[in-house]
Amino acid sequence: MAWFIAKRIAYSLLILLGVTFITYLLLYMIPADPARQIAGRSATAEVVANIRHQLGLDLPFYEQYFRYLVNLVQGDFGRSYVQRSEVATLIEARIGPTLQLMAAGIGFELLIGVTLGIVAALKRNSVLDQLLMAFSFIGVSSPHFIAAMLALYVFAVQLEWFPLGGYGEVKHLMLPAITLGVLGSGWYSRMVRSSMIEVLHQDFIRTARAKGLKRLRVLLRHVLPNAIIPVIPMIGIDIGIFMSGLVVVEAVFGWPGLGQLAWQAIQQVDIPVIVGVTTLSAVAIILGNLVADLAVLFVDPRIDINKS
């Protein structure tokens, strides 16, 4: 187990290094000049050059990137060019709302997706199965902006069930979380359906039925625990997606999370904030997948750690 964890951590560090390198390289290559944006359009070339020197933007790429890595190892994400605050402080102020939306959104995804997947598997090849899978396909295919605007218009403006936006109370969280749950539930429902159909044809399920066990007990005791295993790694990926911030949904519902911070930074070419949020999301994806893999190892005894 220790060797497995050490190997995964080593792979994770290499992935994290690659993510930071590619992100920093792409931002280095874009034609936008952060120094010019900070100085303003009317600033002279001398002022712009002075700001560029203060920010270290006149250094070669490898030197800028090396400095960033050295500071990152020390826990320093850098300082925002525009807001003149530590990136870590900005992220810390936004991570709370993002964690709330992540927990609620994934919760609704699992509630809706697993339920639909179970029903579709039990009623496979029926009209209900086709309708549920069509609903799942529409959910995962719908643009987040259109779905969020539609949900806001129907449930907040017309029906007045939820507030138009805001943050701080449960009622502000429910509509964006349910919207994300509906949009993301399709991945879970399709996976649960496929996994359940496969498990239902296993020999141990036929043996359990031959012993006279009730269908509900077979379903809850034998089918569902085995069918749910493939869902666990998907949750790990979802954690990273939510931690990177859902820009569109947060913008529509006025949710003050990391996505909103990242969008503002992109518009202002605030490189330290962009790289900081990207690095944090990469860490979240890596940790989420690592925890999911460990959970699968403990849940599924058929997996051999030595071959992983």
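Run down I138, I205, I197 and say which single residue is farther than 22 Å from T98 by Cα and surrounded by fewer than 16 Cβ atoms within 10 Å (Cβ to Cβ).
I138
For the structure I just gave you, tell me whether F242 is closer than 26 Å to A120 by Cβ, surrounded by fewer than 19 Cβ atoms within 10 Å (Cβ to Cβ) and among the aromatic types (F, W, Y).
no
Considering segment 22-78 alone, what residues qualify as being of a type in the set (S, T, N, Q), without any contact (Cβ under 8 Å) to a residue 60 or more places away in the chain and either surrounded by 10 or more Cβ atoms within 10 Å (Cβ to Cβ) or part of a helix (DSSP H, G or I) (or both)?
Once the filter is applied, which keeps residues that are of a type in the set (S, T, N, Q), without any contact (Cβ under 8 Å) to a residue 60 or more places away in the chain and either surrounded by 10 or more Cβ atoms within 10 Å (Cβ to Cβ) or part of a helix (DSSP H, G or I) (or both), segment 22-78 yields N50, Q54, Q64, N71.
Name every residue in segment 245-281 that is within 13 Å of L180 (Cβ to Cβ), buried (at least 18 other Cβ atoms within 10 Å of the Cβ) and within 16 Å of the chain's Cα centre (by Cα), in order of residue number. Lay out the reasoning, then the answer.
Of the residues in segment 245-281, the ones within 13 Å of L180 (Cβ to Cβ) are 245-250, 252-253, 255, 257, 259.
Next, only the ones that are buried (at least 18 other Cβ atoms within 10 Å of the Cβ) stay: 245-247, 249-250, 252-253, 255, 257, 259.
Within segment 245-281, G245, L246, V247, V249, E250, W255, G257, G259 meet the criteria.
For segment 79-92, how many residues meet the condition of being outside any helix (DSSP H, G or I) and either touching a Cys at 6+ places or on another chain (Cβ under 6 Å) or buried (at least 20 other Cβ atoms within 10 Å of the Cβ) (or both)?
Number satisfying all stated conditions: 2.
Checking the structure you have, find out if any residue of segment 93-108 is outside any helix (DSSP H, G or I), within 24 Å of F253 (Cβ to Cβ) and in contact with a Gly (Cβ under 6 Å, 6 or more places away or on another chain).
no
Answer yes if at least one residue in segment 166-175 is touching a Lys or Arg at 6+ places or on another chain (Cβ under 8 Å) and either at pLDDT 85 or above or open to solvent by less than 10 Å² (accessible area, probe 1.4 Å) (or both), and no otherwise.
no
The values are calculated or read from the model by the stated rules, or taken from the named source; none is laboratory data. Everything quoted here is computed from the prediction, not taken from an experiment. So basically every Cβ, Gly included, is an ideal-geometry build from the backbone, and we count neighbours across all protein chains shown. Side chains included, ligands, DNA and RNA excluded: accessible areas come from the protein's heavy atoms. Shrake-Rupley method; radii C 1.70, N 1.55, O 1.52, S 1.80 Å.
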